[in-house]
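> Below is one structure. I have some questions about it.
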Amino acid sequence: MVTRIFHDSHHSFYRTPFGAVPCNEEVRLRLEVVSQEPVNQVVLRLWKNGLMEERIPMALVEEEGERQVYEASFSTPGVPGLLWYFFIIDKGGNTYYYGNNRHCLGGIGEVYFCEPPSYQITVHKRDLVTPHWFKEAVMYQIFVDRFYNGYEGGRIMHPKPNSTIYTDWWEDIPVYNRDPETGKIISYDFFGGNLYGVLKKLPYLQELGVSVIYLNPIFESPSNHKYDTSDYKKIDPMFGDNELFQTLCREAKELGIAIILDGVFSHTGSDSIYFNKKGNYPEVGAYQSPESPYYSWYRFSCYPDLYECWWGIDTLPNVNEMEPSYQNFIIYDEDSVLKYWMKLGAKGWRLDVVDELPDEFVKNFYRVLKETDPEAVLIGEVWEDASNKISYGKLREYLLGDELDSVMNYPFRNIFLDYLLGRRDARETHLALMQLYENYPRQHFYALMNLIGSHDVPRVLTLLGDAPPEQTISKEDQARFRLSPDKRKLAVRRLKLLSLIQMTFPGVPCVYYGDEAGLEGYGDPLNRRTYPWGREDRELLVWYKKIIALRNRHDVLKTGEWIPLYAQGHVYAFLRRISQDRDVFGQKKKDNVAILIFNRHETEEITLTLDVSRWCRGKLVDVLGEREIFLEDGRLSVVMKPLEGKVLLQDVNFHS
């Protein structure tokens, strides 16, 4: 009988090289079989996406008693894509399958008696690279209307017709004014934040340690969120003008801060130059006449009132992104939307709902962006594992080398929220992280936009304070809800731990405006409250400045190697390392080792001993505790207080 079949895609003995690989690279796979009876045959079943199935007989390369090791090697295709594999074992007339585990996390798999889930190998372009400066950045996301009004006395510039203008920046609560019968939004509320306010707060952002500002949409539109674009080449008058944007970019650059724009290209607003449903623009829009130069951008089923729109919202008519005149306008023209804003100083784009943009559109946008500025950044809004994302029945190609530099790392957020809230233990947390590490090209893994808050999810402090699930309480109660003092204290402790993980993990940490100041709130629009200038949570703000400075000061926390160290129960630990004066991308950096340890338990103190002799010598410095820890025979012993995180560095003087 077969007593053991084993493969571990995370272990170099069974799969090498690890993780995503370039085109035309040799991959070696091994399978271990322990059996009392002879094995007739072991076959590697390989599926090359878009090509065909291949069955490769595996050779017996090791044999010791009942233990046998089978091996097969192959070259990855010359065209980027995904490979999928599992093993078929034929013994004594019985067929066994060994494939990925039921959660498809990679690593140790399982034995099946039918075709199993496959392991994934991401095959990317050999010359794949993402901007190095971006991998070392700290991002800050700003929803402009709610950030800061830079004008004296809170003056509101060019208010929208029929809109609500709030006068109490701190106490008024954002709300959507909806038609009670249809549920449609009939007017928007505004607080008066603008680009002049962002400009005035650049010193604050520099002091915080930010090097990239990601702005939610700022082009003209009737709404406060601006995802219903009216004019792609005009700053919304409530926010300022194009000249002010150029000034913002220039002054931010002088402070070492880059500006990234939000590009909404899967749809426009119905109240826009291009569609012009309300007739508010002098141009002839697609809604007004089939003779409009913009008519071919849209898809009408019964002209003019029935047309394709985003998620059925008739104020957001979808565009045909593959229409040549649309691509010329957005991408190719000498004064295209892409080129126009890059000339004014933008350093990159975040593509809204990128899964609703055709691959060809994204590739064209990426290519022209890089021709315009090779160091510019393109980020995609993706909520899942971006390496194998399927949208509208098509496997997307975001991370193969021709589309995106980065994606919004919502999986990172979900994984660590689950860890801190007790929904998964440290081991399960680690396996979920390893799935991303294995599937993503290294260049992308270190450029991921690691967020814990955004305009599309509830405020992290509210979640960490064990607030009632939003589906269990009314909208009115959500608006009034505040954490109790005890729950807020717990939430702040958890957020300090989560943000420390965020600042020490590979990738680009992104702070959603106000999280560092202690804002609470359920989902949209309550997650878009105003920044509480003068009423910040000082404990949190001081903490964020401290840990961002820590990241910015030490290269090892940015592009150092990531080595999992410990994952059991409540404690998770990993190590970051730069050795031989080179980071993981071969750039010259200072040698260092950092050990990061986190205890998510609310009340329990945990003593931990780790063998770190492979990486460390002599002593480590507890940077946050400002004390030295001496190793004994390469063993590190620490006491982790409840909800504590430790940053232990090999090469640092905490007095400096």
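> Of all residues being of a type in the set (Lys, Arg) and closer than 23 Å to LEU378 by Cα in the stretch 230-284, which is nearest to the chain's Cα centre (by Cα)? Just the residue, please.
LYS253
> Can you name every residue in the stretch 314-354 that is farther than 17 Å from ILE273 by Cα and part of a helix (DSSP H, G or I)?
If the condition is that a residue be farther than 17 Å from ILE273 by Cα and part of a helix (DSSP H, G or I), then PRO324, ILE331, TYR332, LEU338, LYS339, TYR340, TRP341, MET342, LYS343, VAL354 are the ones that fit.
> Still on this structure, please answer the following. Of the residues that sit in the stretch 224-273 and are acidic (Asp, Glu) and within 26 Å of VAL353 (Cβ to Cβ), which one is surrounded by the fewest Cβ atoms within 10 Å (Cβ to Cβ)?
So the residue we want is ASP231.
> Take TYR151 and tell me if it is touching a residue at least 12 places away in the same chain (Cβ under 8 Å) and more than 30 Å from GLU428 (Cα to Cα).
It is true that TYR151 is touching a residue at least 12 places away in the same chain (Cβ under 8 Å) and more than 30 Å from GLU428 (Cα to Cα).
> If you don't mind, there's one more thing I want to ask. Please work out which residue is surrounded by the most Cβ atoms within 10 Å (Cβ to Cβ), limiting yourself to the stretch 295-308 and to residues that are touching a Ser or Thr at 6+ places or on another chain (Cβ under 8 Å) and under 21 Å from PRO222 (Cα atoms).
For the stretch 295-308, the residue satisfying everything is TRP297.
> Please state which of the following conditions HIS158 fails to meet, knowing it meets all the rest: (1) surrounded by 13 or more Cβ atoms within 10 Å (Cβ to Cβ); (2) on the phi > 0 side of the Ramachandran plot; (3) over 33 Å from the mean Cα position of the chain (by Cα).
Unmet for HIS158, out of (1) surrounded by 13 or more Cβ atoms within 10 Å (Cβ to Cβ); (2) on the phi > 0 side of the Ramachandran plot; (3) over 33 Å from the mean Cα position of the chain (by Cα): (1).
> Among the listed residues GLU476, GLU438, GLU428, GLU520, identify the single one that is outside any loop (DSSP other than H, G, I, E, B) and touching a residue at least 60 places away in the same chain (Cβ under 8 Å).
Just a single option satisfies the conditions, and that option is GLU438.
> Output the number of residues of the stretch 62-89 satisfying the condition of being over 33 Å from the mean Cα position of the chain (by Cα), exposed (fewer than 12 other Cβ atoms within 10 Å of the Cβ) and part of a strand (DSSP E or B).
Adding up the residues that qualify gives 3.
> Quick one: in the stretch 390-425, which of the residues that are more than 15 Å from the chain's Cα centre (by Cα) and in a helix (DSSP H, G or I) is surrounded by the most Cβ atoms within 10 Å (Cβ to Cβ)?
The residue in question is TYR419.
> Also, quick follow-up: Among the residues of the stretch 90-143, what is the count of those that are touching a Phe, Trp or Tyr at 6+ places or on another chain (Cβ under 7 Å) and assigned to a helix (DSSP H, G or I)?
2
> Restricting attention to the stretch 104-125, which residues are surrounded by fewer than 20 Cβ atoms within 10 Å (Cβ to Cβ) and of a type in the set (A, V, I, L, M, F, W, C)?
Within the stretch 104-125, CYS104, ILE108, VAL111, PHE113, CYS114 meet the criteria.
> Quick one: which residue in ASP591, ASP622 is surrounded by 12 or more Cβ atoms within 10 Å (Cβ to Cβ), charged (D, E, K, R) and touching a Lys or Arg at 6+ places or on another chain (Cβ under 7 Å)?
Selected residue: ASP622, the only one of ASP591, ASP622 that is surrounded by 12 or more Cβ atoms within 10 Å (Cβ to Cβ), charged (D, E, K, R) and touching a Lys or Arg at 6+ places or on another chain (Cβ under 7 Å).
> Please determine whether any residue of the stretch 260-278 is assigned to a loop (DSSP other than H, G, I, E, B), more than 19 Å from LEU351 (Cβ to Cβ) and out of contact with any Ser or Thr (no Cβ under 9 Å at 6 or more places or on another chain).
no
> Out of (1) at pLDDT below 95; (2) closer than 30 Å to ASP127 by Cβ; (3) in contact with a strand residue (DSSP E or B) (Cβ under 6 Å, 6 or more places away or on another chain), the odd one out for LEU51 is which?
Checking LEU51 against (1) at pLDDT below 95; (2) closer than 30 Å to ASP127 by Cβ; (3) in contact with a strand residue (DSSP E or B) (Cβ under 6 Å, 6 or more places away or on another chain), the one that fails is (3).
> Checking the condition at pLDDT 95 or above and in contact with a Lys or Arg (Cβ under 8 Å, 6 or more places away or on another chain), which residue from TYR287, TYR298 passes?
When all the criteria are applied, what remains is TYR287.
> Okay, moving on. Provide a single number: the residues in the stretch 508-543 that are farther than 20 Å from ASN216 by Cβ and either hydrophobic (A, V, I, L, M, F, W, C) or buried (at least 22 other Cβ atoms within 10 Å of the Cβ) (or both).
Of the residues in the stretch 508-543, 4 are farther than 20 Å from ASN216 by Cβ and either hydrophobic (A, V, I, L, M, F, W, C) or buried (at least 22 other Cβ atoms within 10 Å of the Cβ) (or both).
> Spot the failing condition for SER613; the list is (1) in a strand (DSSP E or B); (2) under 26 Å from HIS10 (Cβ atoms), and only one is missed.
Going through (1) in a strand (DSSP E or B); (2) under 26 Å from HIS10 (Cβ atoms) one by one, SER613 breaks only (1).
> Moving to a separate point now. Would you call VAL584 touching a residue at least 40 places away in the same chain (Cβ under 8 Å) and in contact with a Phe, Trp or Tyr (Cβ under 6 Å, 6 or more places away or on another chain)?
no
> May I ask you to list the residues in the stretch 54-82 that are touching a Pro at 6+ places or on another chain (Cβ under 8 Å) and either assigned by TED's automatic domain parsing to the domain that holds GLU397 or of a type in the set (A, V, I, L, M, F, W, C) (or both)?
ALA72
> Could you look through the stretch 204-223, keep only residues that are aliphatic (A, V, I, L, M) and under 19 Å from VAL353 (Cα atoms), and pick out the one that is surrounded by the fewest Cβ atoms within 10 Å (Cβ to Cβ)?
LEU215
The values are calculated or read from the model by the stated rules, or taken from the named source; none is laboratory data. Quick caveat, the model's predicted, so the values are computed rather than measured. Note that we place each Cβ from the backbone using ideal geometry, even for glycine, and neighbour counts take in every protein chain shown.
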